[in-house]
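Student: Sharing a structure with you now.
What follows draws every value from the coordinates through simple rules; no lab data is involved. If you're wondering where the values come from, they're calculated on a predicted model, not measured in any experiment. Reconstructed Cβ throughout: ideal geometry from the backbone, glycine too, with neighbour counts over all protein chains shown.
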Amino acid sequence: MIKQFFWMCSGADPDLLNESPKSEQIKYAGIGGTVFFTAVMAFISGSYALFTVFDNMYIAIAFGIVWGLLIFNLDRFIVSTIKKQDNFWKEFLQASPRIILAMIIAVVISKPLEIKIFEKEINQVLLEQKNALTLQNQNQIAQQYSPEILRVENEIEALKTNVDTKEKEVNDLYETYIAEAEGRKGTLLLGKGPVYKEKREKHDALLQELQQLKESNKLKITEKETTLVDLRGKQKEQIAVSQPIIDGFDGLMARINAIGQLAWLPSFFILLLFLAIETAPVLAKLLAPKGAYDLKFQDQEDALLVWVTQQKNQRAELLKTDNSLNEKVYYDVAEDEEVYAYKKQKAKELMQLQSDVFYNKQKKIMS
């Protein structure tokens, strides 16, 4: 049962293989097994590749089945169409397009499996890339909001500075009129004289201005602090919205690019392994000596070719003879007076009929 299945996978004729020696049966069963297991690897590879894209097991399995059947059909076609000849280089030239196709298939199959095999290393590379992208994204968003935030902070600082400056002026005036009362500065007279009162009134007026300035600037500072909180909130919100995009940066293309940052030698050996697997059926067919199955198959094709050639030649001769007979028959008919007179009479009647129709049509037009 398994042997018959592998024969079918190799694209060989089971009737001819049943009549061939056991060595031929084993050889083609091995070729069919290689084709089958290559298709299995293609199914696994394709399923994993689509799972990384859609993150859906059912879609991935469905695509993997289609992809595996496609590779199976291609490999089976490649192997079954290679015909054994007496010249190796002719066989190689015949198989060279199929070998190139097999190499392309091997590259396509191996890449998703490389991604799975080196998944931990790829995740580490992707983590580093995500961290770099996160910092870059935060810096870009900060560049959008930093000028406005800096402007508002400077305005708040300026309002606070105004209050501090005014407060320093008030404190200086307080120190001045106290020193005047104590006789340490100004008139150097102890007591609360006219100069003291003048400086005291100036201080009180400036103190009232300071209170008004504090209340006014406090409201302005509160508004600007609210604006500042709003700007920083929007900045954090934009970072939070864009972060899931960075967190999702682990698709198929990102993983393929991440492989390029790993050591090339392990990936190269995996590629060589799949090249060997994919080209094995073709190379086995090329390197294997011409066996009993090939001779039987060639005998069938030669017999069919001879039969088709005979049929073609017979049809050509039949056509040639028929043309010769037709020429002779029509030549004899052309010399027959009775046939000539009959055809002449019919031609005359036809011309008369045409004249009558034309006359009637013209008559209707003129009337």
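Student: In the chain, if the dipole is taken from +1 on Lys/Arg beta carbons and -1 on Asp/Glu beta carbons about the Cα centre, which of 40, 289, 145 is farthest to the positive end?
Tutor: Going by the Cα projections, it comes out as 145.
Student: Using only the alpha-carbon atoms of region 308-366, report the extent along each of the three principal axes, biggest first, to the nearest angstrom.
Tutor: That works out to 69, 31, 8 Å along the principal axes.
Student: Right, next: Quick one: dipole size for region 308-366, taken about the Cα centre, charges +1 on Lys/Arg Cβ and -1 on Asp/Glu Cβ, in debye to the nearest 20.
Tutor: Dipole about the Cα centre, nearest 20: 560 debye.
Student: Could you pull out every whole DSSP H run in the chain that spans at least 15 Å of Cα extent along its own axis and averages 0.0 or higher on the Kyte-Doolittle scale?
Tutor: 22-54, 57-80, 88-117, 264-287
Student: What is the chain's relative contact order, in percent, from Cα pairs under 8 angstrom and six or more apart in sequence?
Tutor: 22
Student: If you put +1 on each Lys and Arg Cβ and -1 on each Asp and Glu Cβ, how big is the dipole of the chain around its Cα centre, in Debye rounded to 20?
Tutor: 340
Student: In whole Å, what is the distance between the alpha-carbon centres of region 208-247 and region 68-146?
Tutor: 52
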